[in-house]
1. Out of segment 20-75, which residues are more than 28 Å from Gly6 (Cβ to Cβ), assigned to a helix (DSSP H, G or I) and either of a type in the set (Ser, Thr, Tyr) or touching a Lys or Arg at 6+ places or on another chain (Cβ under 6 Å) (or both)?
2. Among the residues of segment 44-75, what is the count of those that are more than 25 Å from Leu14 (Cα to Cα) and either in contact with a Phe, Trp or Tyr (Cβ under 8 Å, 6 or more places away or on another chain) or aromatic (Phe, Trp, Tyr) (or both)?
3. For Ile57, indicate whether it is over 12 Å from the mean Cα position of the chain (by Cα) and surrounded by 10 or more Cβ atoms within 10 Å (Cβ to Cβ).
4. Condition test on Leu62, is it aliphatic (A, V, I, L, M), surrounded by 10 or more Cβ atoms within 10 Å (Cβ to Cβ) and free of Cβ contacts under 8 Å to residues at least 12 places away in the same chain?
5. Go through (1) hydrophobic (A, V, I, L, M, F, W, C); (2) more than 19 Å from Ile66 (Cβ to Cβ); (3) under 17 Å from the mean Cα position of the chain (by Cα) for Ile40 and report which single condition fails.
6. Give the residues of segment 7-31 that are modelled with pLDDT of 85 or more and over 17 Å from the mean Cα position of the chain (by Cα), sorted by residue number.
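The values are calculated or read from the model by the stated rules, or taken from the named source; none is laboratory data. Not measured: the values here are computed from a predicted model. As a convention, Cβ positions derive from the backbone with ideal geometry for all residues, glycine included, and neighbour counts pool all protein chains shown.
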Amino acid sequence: MSQSTGKYLIVIGLVILTFGISIYFMGDKLRWLGRLPGDIRIEKENLKFFFPITTMILLSALLNLIIYLFRKFLG
């Protein structure tokens, strides 16, 4: 493995650690995540269906921004 691979693994680990710590300490404040307008929720007697389309689009845009910034400043 090259040194750049090690650098990427360290950065990915720090990002995961940051997300984990923020969820641990601010989990009760993140209840809106998954309940945004546009998230599909169907609840019937025998069926519960949940498809968080808006949340997935928001997280995808955020992840793309993070990857873009890493490539711009670290690459």
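1. Thr54, Thr55, listed by residue number.
2. Going through segment 44-75 one residue at a time, the tally reaches 3.
3. It is false that Ile57 is over 12 Å from the mean Cα position of the chain (by Cα) and surrounded by 10 or more Cβ atoms within 10 Å (Cβ to Cβ).
4. yes
5. (3)
6. Of everything in segment 7-31, those that are modelled with pLDDT of 85 or more and over 17 Å from the mean Cα position of the chain (by Cα) turn out to be Leu9, Ile10.
Residue-wise test of (1) loosely packed, with under 10 Cβ neighbours inside 10 Å; (2) closer than 17 Å to Leu62 by Cα.
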site: Gly13; (1), (2): no, no
site: Phe19; (1), (2): no, yes
site: Tyr24; (1), (2): yes, no
site: Leu30; (1), (2): no, yes
site: Leu33; (1), (2): no, yes
site: Glu43; (1), (2): yes, no
